[in-house]
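A.B. asks: My questions will all concern the structure given below.
All of the numbers you see were taken from the coordinates with simple rules; none came from a lab. Keep in mind that this is a model prediction, so the values were computed, not measured. All Cβ positions, even for glycine, are placed from backbone atoms using ideal geometry, and neighbour counts span all protein chains on display.
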Amino acid sequence: MNDLIIRFGIAELSDKLPVEGYHEAVVASARMRRSQNGNPMLQVTYNLSQACPGCDTVPEYFVLAGSTPRACTVSRRRLFALYRACGFNPRDGEVLQPADLVGSHLEIRLGHETYDGTLRLRVLGYRAAQ
């Protein structure tokens, strides 16, 4: 049996978050889930095209019911903006299919936030891919 030799390059070990601002992304998944409180929500996961492995996936959650009226309204507005950035134009009363988002190319605006003592990425906005 051959002895396995492992060598690391420092660049491979980088876990530096992408800088704040707009980044090219692809919607990798969009699926319905339940929050810790049991409320229905949509989880959208984005893959960043130019970020270090380990920092190239960003989740976003849209609370759709069961939370405060303000939180649900903000989530629906953000979700509408996401659909628009992905090239969709939802009409009043139209049933949205989250799976339609998968594979869409767009730019997402990222910010940094600290959660439980760890710096992480947060989606702040969207625009159509340039």
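A.B. asks: So what is the relative contact order for the chain, in percent, with contacts set as C-alpha pairs under 8 Å and at least six apart?
C.D. replies: Contact order relative to length: 26 percent.
A.B. asks: Oh, and also: Starting from the 7 Å offset along Cα-to-Cβ, what nm value, one decimal, do you get for the label separation of ARG33 and ALA128?
C.D. replies: 3.0 nm
A.B. asks: If you take the beta carbon distance between ALA65 and ILE6 as r and set R0 to 41 Å, what does 1/(1 + (r/R0)^6) give as a FRET efficiency, to the nearest 0.05?
C.D. replies: Working from the Cβ atoms, E equals 0.25.
A.B. asks: Still on this structure, I have one more. Let me have the 222 nm mean residue ellipticity of the chain computed from DSSP H runs of 4+ only, each contributing -39500 (n - 2.57), with the sum over all residues rounded to the nearest 500.
C.D. replies: Computed ellipticity for the chain at 222 nm equals -4500 deg cm²/dmol.
A.B. asks: Any idea what the dipole of the chain comes to, in debye rounded to 20, about its Cα centre with Lys/Arg Cβ at +1 and Asp/Glu Cβ at -1?
C.D. replies: Dipole of the chain, to the nearest 20 debye: 560 debye.
A.B. asks: Hey, what angle do you get for helix 69-85 against the long axis of the chain, alpha-carbon based, 0 to 90 degrees rounded to 10?
C.D. replies: That works out to roughly 70 degrees.
A.B. asks: Which value does Rg/Rh take for the chain over its C-alpha atoms, Rh per Kirkwood?
C.D. replies: Across the chain, the Cα-based Rg/Rh ratio is 1.07.
A.B. asks: Modelled label-to-label distance, ARG76 and SER49, 7 Å Cα→beta-carbon offset: nm?
C.D. replies: 3.3 nm
A.B. asks: Okay, moving on. To check my understanding: the extent here is largest minus smallest coordinate of the Cα atoms along each principal axis. What are those three numbers for the stretch 77-124, in Å, largest first?
C.D. replies: Principal extents (Cα only, largest first): 41, 21, 16 Å.
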